[in-house]
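Data first, discussion second: the structure below is written as structure tokens.
Please treat every number below as a calculation from the coordinates, not as lab data. What you see is a predicted model, and the numbers here were worked out from it, not measured in a lab. When we count neighbours, we look across all protein chains shown, and the Cβ atoms used for this are built from the backbone with ideal geometry, even at glycine.
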Amino acid sequence: MNPAAQSAQYPVTCPACNTINAKRAAELLQDKRLCCRKCEHTIAMNERQLNSLRRTLADMGSYLKQDKPLAEQRD
């Protein structure tokens, strides 16, 4: 997996207070949870969320692997 994609901050909304939190993608895949920065609720990532994160990382990795300059990568 691409190191740049793994170090990207992935947003997760707290179900208790609706605050948007972020954690490095690699850490989320390993820990599968994070603590809300506002209410300190422990947010457990479910399998659907983890699969979405894996797909996002795969897409980011394949996009970053292209050898085109950034200006040419835009659609």
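Applied to the stretch 50-61, the Karplus parametrisation 6.51 cos²θ - 1.76 cosθ + 1.60 on θ = phi - 60° returns per-residue 3J(HN,Hα) values of 5, 5, 4, 4, 4, 5, 4, 5, 5, 5, 4, x Hz, with x for Gly and Pro.
Modelled label positions at S52 and R33, each set 7 Å beyond Cα in the direction of Cβ, lie 2.0 nm from each other.
For the stretch 8-51, the relative contact order is 31 percent, taking Cα pairs closer than 8 Å that sit 6 or more residues apart in sequence and dividing their mean separation by the residue count.
Mean separation of Cα pairs under 8 Å and 6 or more residues apart, divided by the residue count, gives the chain a relative contact order of 28 percent. Placing +1 on each Lys and Arg Cβ and -1 on each Asp and Glu Cβ, with no other charges, gives the stretch 8-51 a dipole about its Cα centre of roughly 80 debye.
Phi angles across the stretch 36-47 convert, under the Karplus curve 6.51 cos²θ - 1.76 cosθ + 1.60 with θ = phi - 60°, into 3J(HN,Hα) values of 5, 6, 9, 9, 6, 5, 7, 9, 9, 6, 8, 5 Hz, Gly and Pro given as x. Placing +1 on the Cβ of every Lys and Arg and -1 on the Cβ of every Asp and Glu, with no other charges, gives the chain a dipole of roughly 160 debye about its Cα centre.
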